[in-house]
Structures are given as structure tokens and as C-alpha cells.
Amino acid sequence: MTEESERARRSECESEFESEPTTEIDVPESHPRYQSLLTRHRIEHGVEAGITSKQGLIAQGRGEAFDYLLGEETIPSADAAERAAAAQLLLADHPVLSVNGNVAALVPDELAELADAVDAALEVNLFNRTEARMEAIADHLRAHGAEDVKGLTADARIPGLEHERGKVDADGIYEADVVLVPLEDGDRAEALGEMDKAEIVIDLNPASRSPRVASIPIVDNVIRAVPNITAHARELADADSRTLERIVDEFDADEALEAAEERIRSGEF
Ligand code: PTJ
């Protein structure tokens, strides 16, 4: 298949993806596996539309296993982390929400809402970067209401990462003081942490390197975490900076990781 016909096929899938409500699956909401089936549907569709990588399917499977063990719910320590994340984003001078192929497929509307609630930019930043996927994701986010989508300029580098994976926008992730990185790979999470940014990571595996290097690790499914950070941000919108700083300071990353691991080890099947 030529690059042109591949683009045409993807654009056909993409417009179908946009016209179809992302919640549409042929299963009633009362079905006990509704959320999980909906998530699979969105990821599968993301791959067809050229947004999600095939590796994204595998990553989703790994995440699902941890979610199952967590009870497929936002545990109290994750809720506290989501509140601290909201406070940290509201305190930021230059917050950026990093978007990869999995989160673009799973929570495009919710990311646009969070960006709006905390006045952040979205930046497409891919592990497996190709120009076609970068453009498809940026278009997809705009179609779902995102206004400020960065990542295509790629005029700066994250120090210590090889060429493609280290590409960022100079006025985006490079400059940011607070970055939200959902489902990040460990190397990049570590490299971003070394740039002295406050890093908020969403990852269902508490033993993954990314949440372990984050200042605020959120062990929760991105489909629950992102809207819950937005809900906290809206609730905290009028709080003064002292209150927000207290919420961030009182959050203990190690305790949150331990609580998630404890839930996974002691959870019921
Ligand atoms: O779109 P790209 O090219 O940037 O690639 C994105 C993926 C996710 C494929 C890439 O970053 C990757 O390979 O990630 P990993 O190393 O497999 O890590 C993904 C982590 O996310 C794992 O620890 C999973 O448990 C976790 N995860 C998967 N699905 C979810 C999740 N965490 C929260 N919510 C999910 N829905």
C-alpha cells in the first residue's frame, strides 16, 4: 500500500471515528463488563484510524489485568492523587498534558475538558513517533474540542533521549513546569523528571518505573482518572494558592504507591 492510499484509508476510518459517538458499543451499560468492552472498542478503533499503535493494544491488555486486580474502581489513594494532580495543575504557570496514541483513542473529550479546566495545552508526544500518527492524533483531538494542540513543531529535545522519542515543542513540554503524562514509558518519564518538572503520571501498574519517578503517581485507569482530575479542578477553581499548595504538600507519593500495591495483592477475584 502506498503512503497516499494508507493516508486515505486512515482518513476514512478517522472520519467514521469522529462521526460516531465514542461511547457507542452494542452492549447495554448494565453489562458487568461494559467499561472494559467500551475501552477495548475505543482502542481497536484507534488502531484502525491510525491513532493508536499496535503496541498500544498490548499495553491496554497489561493495564486491564492490573485494573481487574484493583477492582476496576478508583481507590481512595488514587482519588487523593487525582485531587493533588488537580491542585498541582492549577498552581502551574505552564501546564502541559502529554497525549499518546492510547489516551487519544480512550479519552479525547475528557482531555479537552481537563485542558480547559486547568488552562493547559495538549501536546502529542509519541513513543513510536511517525508524522502520520502525529497529524492523525492532533486532528482527532481538535475534532473533539481541543483548542491548543502542540507537538508537531518538535523544535526542542528532551535531554538524554534518542532522536525521535525525545522530540518536543519548545513552547510546550520543553518549557512546561508541570506535565501530565498518562501511560508513559519509563525512560521518558525519568528523563522528564530530570528536567526538573513536576510530573504527574497515570499508570495502572504501581511497579512501573514511570509512576515510581513521578511526583504525583496516579494508579488508576485513564478513563476514570482524567475526568476525576477535572472534577477536582472544577471544585478547587476558587481555592487560593496556599490551599492548593497544602493539598500538593500533603500528598505522599510513596504511600499512594504502597496503597495501590496492597489493594492489588489483597484484592478479591
Ligand atoms: O502511542 P505511543 O507510540 O506513544 O505508544 C504508547 C504505548 C502505551 C504503547 C507505549 O508508551 C508503551 O509501550 O507503553 P508501556 O511501556 O507498555 O506502558 C504502558 C503502561 O500503561 C503499562 O504499565 C500499563 O499497565 C499502563 N496502562 C495501560 N492501559 C492503561 C494503563 N494505565 C492507565 N489506564 C489505562 N487504560
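The values are calculated or read from the model by the stated rules, or taken from the named source; none is laboratory data. Note that this is a predicted model, so its numbers are computed, not measured. Here the Cβ positions follow ideal geometry from the backbone for every residue, glycine too, while neighbour counts run over all protein chains shown.
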For the range 124-182, what are the residues that are at pLDDT below 95, within 12 Å of the ligand (Cβ to nearest atom), assigned to a helix (DSSP H, G or I) and buried (at least 16 other Cβ atoms within 10 Å of the Cβ)?
-> Arg165
Taking the range 25-78 and keeping only residues that are assigned to a loop (DSSP other than H, G, I, E, B) and touching a residue at least 24 places away in the same chain (Cβ under 8 Å), one is left with Ala49, Gly50, Ile51, Thr52, Ser53, Gly71, Glu72, Glu73, Thr74, Ile75
Name the residues in the range 183-223 that are small (Gly, Ala, Ser), in a helix (DSSP H, G or I) and touching a residue at least 24 places away in the same chain (Cβ under 8 Å), would you?
-> Gly186, Ala189, Ala191, Ser210
Criterion violated by Pro217 - all others in (1) under 13 Å from the mean Cα position of the chain (by Cα); (2) surrounded by fewer than 18 Cβ atoms within 10 Å (Cβ to Cβ); (3) not polar (S, T, N, Q) satisfied | (2)
If you check Asp185 against the conditions, is it under 25 Å from Leu204 (Cα atoms) and in contact with a Lys or Arg (Cβ under 7 Å, 6 or more places away or on another chain)?
-> no
Can you tell which of Asp238, Asp220 is within 13 Å of the ligand (Cβ to nearest atom) and among the acidic types (Asp, Glu)?
-> Asp220
Got at least one residue in the range 196-205 being of a type in the set (D, E, K, R) and within 13 Å of the chain's Cα centre (by Cα)?
-> yes
Given (1) out of contact with any Gly (no Cβ under 6 Å at 6 or more places or on another chain); (2) within 30 Å of Glu235 (Cα to Cα), where does Lys150 come up short, assuming only one miss?
-> (1)
Going by the structure shown, is Leu111 of a type in the set (A, V, I, L, M) and touching a Gly at 6+ places or on another chain (Cβ under 6 Å)?
-> no
Can you name the condition, by its number, that Asp203 falls short on among (1) within 13 Å of the ligand (Cβ to nearest atom); (2) at pLDDT 95 or above; (3) over 23 Å from Arg40 (Cβ atoms)?
-> (3)
Can you tell me how many residues in the range 50-89 are surrounded by fewer than 23 Cβ atoms within 10 Å (Cβ to Cβ), under 29 Å from Arg142 (Cβ atoms) and aliphatic (A, V, I, L, M)?
-> 3
Among the residues of the range 61-119, how many are within 12 Å of the ligand (Cβ to nearest atom), hydrophobic (A, V, I, L, M, F, W, C) and within 23 Å of Gly166 (Cα to Cα)?
-> 4
How many of the residues in the range 234-269 are in contact with a Lys or Arg (Cβ under 9 Å, 6 or more places away or on another chain) and over 13 Å from Asp79 (Cβ atoms)?
-> 3
Screening Val103, Val96 for residues that are out of contact with any helix residue (DSSP H, G or I) (no Cβ under 8 Å at 6 or more places or on another chain), within 16 Å of Val201 (Cα to Cα), in contact (Cβ under 8 Å) with a residue 60 or more places away in the chain and not in a loop (DSSP other than H, G, I, E, B) leaves only Val96
